[in-house]
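Data block below; observations after.
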Protein chains: 2
Amino acid sequence: MIVIAEKINASRSAVKAIIESRDTASLLELAKKQADAGANYIDVNVGTGTGTREDEMESMRWAVDALQKDLDTPLSIDSGDPAVLEAGLAMRDGRPSLINSTKGEEESLEEVMPLAGKYGFPVVALAMGEGGLPKTVEDRIGPCEKIVASSEKYGVPIENVFFDTLVLPVSTDVKQGLITLDAIRLVKEKFPGSKTVLGVSNVSYGLPGRKELNAAFLTMAIYAGLDAAIIDPTVPEMMGAVRRAEVLAGKDRHCRRYVRAFRNK
Amino acid sequence: MIVIAEKINASRSAVKAIIESRDTASLLELAKKQADAGANYIDVNVGTGTGTREDEMESMRWAVDALQKDLDTPLSIDSGDPAVLEAGLAMRDGRPSLINSTKGEEESLEEVMPLAGKYGFPVVALAMGEGGLPKTVEDRIGPCEKIVASSEKYGVPIENVFFDTLVLPVSTDVKQGLITLDAIRLVKEKFPGSKTVLGVSNVSYGLPGRKELNAAFLTMAIYAGLDAAIIDPTVPEMMGAVRRAEVLAGKDRHCRRYVRAFRNK
């Protein structure tokens, strides 16, 4: 399992403050804590929602530069704006990165997929198109086909495409958990070699006991074939769920990672 | 999810002592605790391994009689010996029961399946035959086919057949968890209307953190389509896993059972 650590996101007010004040020490601390907890990528989303595109590009450059001076963990460059993605990628100077994200829409694909081709990095692609958030498994497949066509056009190997099959709250529609999980299975079947990724926490929106619900959903998703998860690795329930699910789904040879994690916890 | 409570099992020394001393109060207390925790069936296994067949039949009659005087929760009459099963069923006087168990072997089927036909109760059937414990998904299907043929012969509706796809420890072969789960999916697909059941705790044998591993495996199994589990419902991790997995797998309309369980815990 590839763990993408979610905490450096400017939608959180503490992170917004760190970015606006260019607080390098706090940014690094947040990244290192997540790396120590087992993150394979540190996500970096600097969209505070208040500045211009230029401001966001500048924030991304600062954050990437600040992080990579002291941290070898790969970064996940996260923005809905291709210009901000490119600003971050250029600052990375070719060091291992994840591009987060594009989706099954012409405009986004035409701008983001060439970056994945040019840099040779994996790219997260949301299984949604012009129609907005998909409600069924089938609604997710059309956008995925567009994504695959675009990846072929720009020379991105299918192994570098991480489909996000999108998580909606079960509190508004109890079938949504199952739909997301079944979409993982179907995507893996229809596009052999492709990867899947989820940000799981949406599933528990509006319900009590969210940490445990998120961990249980991640457990199911790993059995369904999930390759990567966007989570907070400093929450013991989440990394515990990853290690346990890997053992149970046959992805941890001789149970070594599990036993080691258990000893160290 | 149908919860079959596992604690009244004479392989546990405390239970063996209760049975041998005919300690009605302790037996009832053990049953009531499990019923209060959410059990749909109370399993009753009186095989102490020390007496004769007659002794075991007599113990079963005593236990069933003692329990049903004060408890309305259905019982799961559990023995590998058809004579002991029948002794328990006769004492039940037609009250709701589960027959636990038969397997895909001529001799067992010829003795146990007629009981399921005669009493009209559901029956647990282990997905194993003469060859002993199965190692693959396919190894489990042959015995299931024998079981289905026998159920048809004795007029047992497929809805009353609970296939146990058998859990082996991942510590000795890391693929075994996946094999059991995939067997659940395949059995549900090949024998529409049939039910599935697991005793999950074997999966974690030889590993640390067993309670949490068992809960995670149950979570995956419920997503895979599991209908019933043989567990200890007084362990909060296990009933928590059931309630969470039901919500996430779309089996808890409007999330009501989950929210109620959360409030009461």
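Nothing in this text is a laboratory measurement; each read-out follows from the coordinates by a stated rule. A quick note: this is a predicted structure, and the numbers were derived from the prediction, not measured. Methodologically, a virtual Cβ is constructed for each residue, glycine included, from the backbone with ideal geometry; neighbour enumeration extends over all protein chains shown.
Just give me the residues in region A:220-265 being under 17 Å from the mean Cα position of the chain (by Cα) and of a type in the set (S, T, N, Q), in sequence order. A:T234 - this is the single residue of region A:220-265 that is under 17 Å from the mean Cα position of the chain (by Cα) and of a type in the set (S, T, N, Q).
Restricting to region A:215-226, name every residue that is more than 10 Å from chain B (Cβ to nearest Cβ) and either of a type in the set (F, W, Y) or crowded, with 18+ Cβ neighbours inside 10 Å (or both).
Of region A:215-226, the ones more than 10 Å from chain B (Cβ to nearest Cβ) are A:225-226.
The answer is A:L226, and nothing else.
Across region A:147-170, the qualifying residues are those that are surrounded by fewer than 18 Cβ atoms within 10 Å (Cβ to Cβ) and without any contact (Cβ under 8 Å) to a residue 40 or more places away in the chain, and the one among them that is farthest from B:G250 (Cα to Cα) is A:G155. Hey, does region B:194-203 have a residue that's within 14 Å of chain A (Cβ to nearest Cβ), aliphatic (A, V, I, L, M) and in a helix (DSSP H, G or I)? The answer is yes; a qualifying residue exists. Of all the residues in region A:180-200, those that are without any contact (Cβ under 8 Å) to a residue 40 or more places away in the chain and surrounded by fewer than 22 Cβ atoms within 10 Å (Cβ to Cβ) number 4. On inspection, A:L28 does not qualify as touching a residue at least 12 places away in the same chain (Cβ under 8 Å) and either within 15 Å of A:A90 (Cβ to Cβ) or under 18 Å from the mean Cα position of the chain (by Cα) (or both). With respect to A:M113, is the statement that it is within 16 Å of A:D164 (Cα to Cα) and touching a Pro at 6+ places or on another chain (Cβ under 6 Å) true? Against the criterion (within 16 Å of A:D164 (Cα to Cα) and touching a Pro at 6+ places or on another chain (Cβ under 6 Å)), A:M113 does not qualify. Filtering region B:227-250 to residues that are within 11 Å of another protein chain (Cβ to nearest Cβ) and either crowded, with 19+ Cβ neighbours inside 10 Å or at positive phi (or both) leaves B:G240, B:A241, B:V242, B:R243, B:R244, B:A245, B:E246, B:V247, B:L248, B:A249, B:G250.
What number of residues in region A:68-111 are among the hydrophobic types (A, V, I, L, M, F, W, C) and in a strand (DSSP E or B)? Outline the logic, then answer.
Taking region A:68-111 first, the residues among the hydrophobic types (A, V, I, L, M, F, W, C) are A:71, A:75, A:77, A:83-85, A:87, A:89-91, A:98-99, A:109.
Add one more test, that the residue is in a strand (DSSP E or B), and what stays is A:75, A:77, A:98-99.
Count: 4.
When region A:204-214 is filtered for residues that are surrounded by fewer than 19 Cβ atoms within 10 Å (Cβ to Cβ), over 20 Å from A:I2 (Cα atoms) and more than 7 Å from chain B (Cβ to nearest Cβ), the ones remaining, listed by number, are A:Y205, A:G206, A:R210. For region B:226-265, a residue qualifies if it is assigned to a strand (DSSP E or B) and among the β-branched types (V, I, T), and the qualifying residues are B:I230, B:I231.
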